[in-house]
Amino acid sequence: MRKKILILLLCICGAVLFFVLDPESNFFPKCIFRSITGYSCPGCGSQRAIHDLLHLDLAGAFRHNAFLVCSIPLVLGLIFLERLKSTNKKIHALFNSPVFIVLLISLVIVWWILRNVFHI
């Protein structure tokens with residue numbers, strides 16, 4: 001129980017930090033991959049997207065990292081399904097299967113390529 005409370009408190013502190021501070025400032029770390037190569041990684045823009053989402057700016061968040069915005073419902077759904085794993089083992093097995101994991105990794109790679117080819 002203490003671990004869950006600690007995780008919740010850390011998430012709340014992180015949300016407050018991202019709400020109050022603009023990730024465009026020098027306080028936040030920059031992407032090492034982008035600094036070295038000049039190309040965006042799949043996560044580039046995530047900090048700014050989270051900041052925009054906390055300010056209810058969905059369009060701005062989508063501009064900064066569309067993949068992150070689209071994946072939030074999936075992540076929340078997976079967290080919910082993980083909590084229900086004892087009640088429905090088939091669904092739990094489906095989302096923990098190698099096929100699903102390969103699909104997710106493939107989506108990230110496709111996003112990585114598309115955002116650099118089309119400058120998304």
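The values are calculated or read from the model by the stated rules, or taken from the named source; none is laboratory data. Nothing here was measured: the structure is a model prediction, and the numbers come from that model. Reconstructed Cβ throughout: ideal geometry from the backbone, glycine too, with neighbour counts over all protein chains shown.
When you check residue 72 against the structure, is it under 21 Å from residue 112 (Cβ atoms), part of a helix (DSSP H, G or I) and modelled with pLDDT of 90 or more, yes or no? Taking the combined requirement at face value, the residue satisfies it.
Residues in the range 85-114 that are in a loop (DSSP other than H, G, I, E, B) and surrounded by 12 or more Cβ atoms within 10 Å (Cβ to Cβ): 85, 96.
Residue pairs whose Cβ atoms lie under 7 Å apart, sitting 6 or more positions apart in sequence or on different chains, and linking a residue in the range 3-31 that is without any contact (Cβ under 8 Å) to a residue 24 or more places away in the chain to a partner that is assigned to a helix (DSSP H, G or I), are 28/47. Just to be sure before I move on: is residue 40 hydroxyl-bearing (Ser, Thr, Tyr), assigned to a loop (DSSP other than H, G, I, E, B) and surrounded by 14 or more Cβ atoms within 10 Å (Cβ to Cβ) in the structure I sent? Yes: the conditions hold for residue 40.
All but one of (1) within 21 Å of residue 113 (Cβ to Cβ); (2) under 16 Å from the mean Cα position of the chain (by Cα) hold for residue 14; which doesn't? With (1) within 21 Å of residue 113 (Cβ to Cβ); (2) under 16 Å from the mean Cα position of the chain (by Cα) applied to residue 14, the lone miss is (1).
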